[in-house]
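Colleague: Pasting in a structure now, in structure tokens, and then I'll have a few things to ask.
No value in this document is a laboratory result; all are computed from the given coordinates. All values derive from a computational prediction rather than experimental measurement. As a convention, Cβ positions derive from the backbone with ideal geometry for all residues, glycine included, and neighbour counts pool all protein chains shown.
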Amino acid sequence: MASSRFGFVLTTTAAATTTTQAAASATTSSIKHTTQLDGICAKINAFYFDFDNTLIPTRSGDSKAIRKLTDVLEAQYNFTKDDATLATQTFLKSFRRCPDSSQTSLDCWRTHLWRESLQPKHKHLAEQVYTKWLKLRYRYLAVPPDYVQLLQRMRRAGYALALITNGPSNAQWEKVHRLHVREYFDCVLVSSDLPWEKPHPEIFYAACNFLGVKPQTCAMIGDKLETDIKGGHLAQLGLTFWTPLSSAPQNLDDVEYKPHIRLNNLLDLYKYFPRLNAVAGPAGSGASTPSGMSSATRRRASHMSCSSNISSGGSTSQTAYSQSLQYQYQRHAYQRQLAYRRGGSLPAIECSNSEAENSCDSFL
């Protein structure tokens, strides 16, 4: 039975017993674990969300967009079914392997990938096909309305919210802006803008410093054990919630950093945080920052508004945003890095900073 450092179990189903005494003991233990978990949940005042495959359905959305585009190429551009399937699947594979290039813009790079994926007789359509794909992509990557309402309820309930994502800066910020998720978060951190990426604890500490909260009062929610869950443990966050891509049971016996709780989807959070059910629901799923949020949350949002304006202005502004972050946390990071040192050097962290990682299944 997988357990966390707090002693409560990942799953709540007790093993069947054949004696009344064993059953009673299991019930008592379950109540104790539930009470302990309730107490920890009550101390949480900030949520850190992963982006891809947690808040938005990146992997499934990209697959749906490609399937739809295959139909479009047949119907509107007279592709044969085989030609359309070959082109779209080749592009998707290339895009997931290398979604961005530091040498050119997103539009130029993706158009190049399409030109390489199309057969010679169709290469002149690369720009048109790219435009069709981009529109379809963001249709299928949209944040589900129920998740939007969850974020709005969290803010109304007074929780601080941060979005922490690994990946190339331009590609991740494009998704943030096109999907209009910035308005729901007090803080958005993209790893390529910073010296660290998940699971490095510093990226979590950066969010804590921004929001003015302690790590033990924060909960991390993500789909990857090796980045989101491990990082939450390394940063000593209060809770880690795992949202695996697959609903099939998975053996976590060999996983060093186990999630405290596994969620079927983000809506399961309502079960653990009664405050979310106590607040009034937003008037509409597309509403901006709720006017009914607590004064503390309004102060946090106001504190972050400068960074919000900076980050929405394009690549130059994103660079300024990154430099501001690095300057603000440089001294804090240096002190913490000294604590991590072993034998006079900081352990190397291999990081791809690639959206390809975000688009792929977890290693389990």
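Colleague: Note the full-extension length gain between E74 and E226 as 0.36 nm times their separation in residues minus their Cα-Cα distance, in nm to one decimal.
Modeller: Net length gain for the segment: 50.7 nm.
Colleague: If a/c stays under 1.5 just call it rounded; otherwise compare a/b with b/c (prolate if a/b is bigger, oblate if not). Do that for the range 58-141, with a ≥ b ≥ c from the square roots of the Cα gyration tensor eigenvalues.
Modeller: Values: a/c = 1.68, a/b = 1.18, b/c = 1.42.
Cα axes put the range 58-141 in the oblate bin.
Colleague: Pairs K64/K271; K123/K224; K68/K123; K132/K230; K43/K271; K175/K230: which exceed 27 Å Cα-Cα?
Modeller: Pairs exceeding 27 Å: K64/K271; K123/K224; K132/K230.
Colleague: What is the local net charge at S169, summed over the other residues whose Cβ is closer than 10 Å to its Cβ (Lys, Arg +1; Asp, Glu -1)? Mind showing how you got there, number by number?
Modeller: Details: positive: none; negative: D100, E174, D193.
Value of the local net charge: -3.
Colleague: Rank by packing, highest mean first: peptides 85-91, 182-188, with packing defined as the count of other Cβ atoms within 10 Å averaged across residues.
Modeller: Values: 85-91: 19.1, 182-188: 21.9.
The packing order, highest mean first, is 182-188, 85-91.
Colleague: What FRET efficiency do you get for Y138 and D253 if R0 is 45 Å and r is their Cβ-Cβ distance, rounded to the nearest 0.05?
Modeller: 0.70
Colleague: Using each residue's phi in the range 245-254, evaluate 6.51 cos²θ - 1.76 cosθ + 1.60 at θ = phi - 60° and report the 3J(HN,Hα) Karplus result to the nearest Hz, with x for Gly and Pro.
Modeller: For the range 245-254, the Karplus curve yields 5, 9, 8, 5, x, 10, 7, 9, 4, 8 Hz.
Colleague: Calculate the FRET efficiency for L86 and S60 from the Cβ-Cβ distance with a Förster distance of 22 Å, rounded to the nearest 0.05. Can you show the working numbers first?
Modeller: Details: r = 22 Å, r/R0 = 0.98.
E between L86 and S60, to the nearest 0.05, is 0.55.
Colleague: By how many nm would the segment from L234 to K43 grow when fully extended, if each residue of separation counts as 0.36 nm and the alpha-carbon distance is taken off? Write out the running numbers ahead of the final one.
Modeller: Values: separation 191, 0.36 × 191 = 68.76 nm, distance 1.90 nm.
Residue separation times 0.36 nm, minus the Cα-Cα distance, leaves 66.9 nm.
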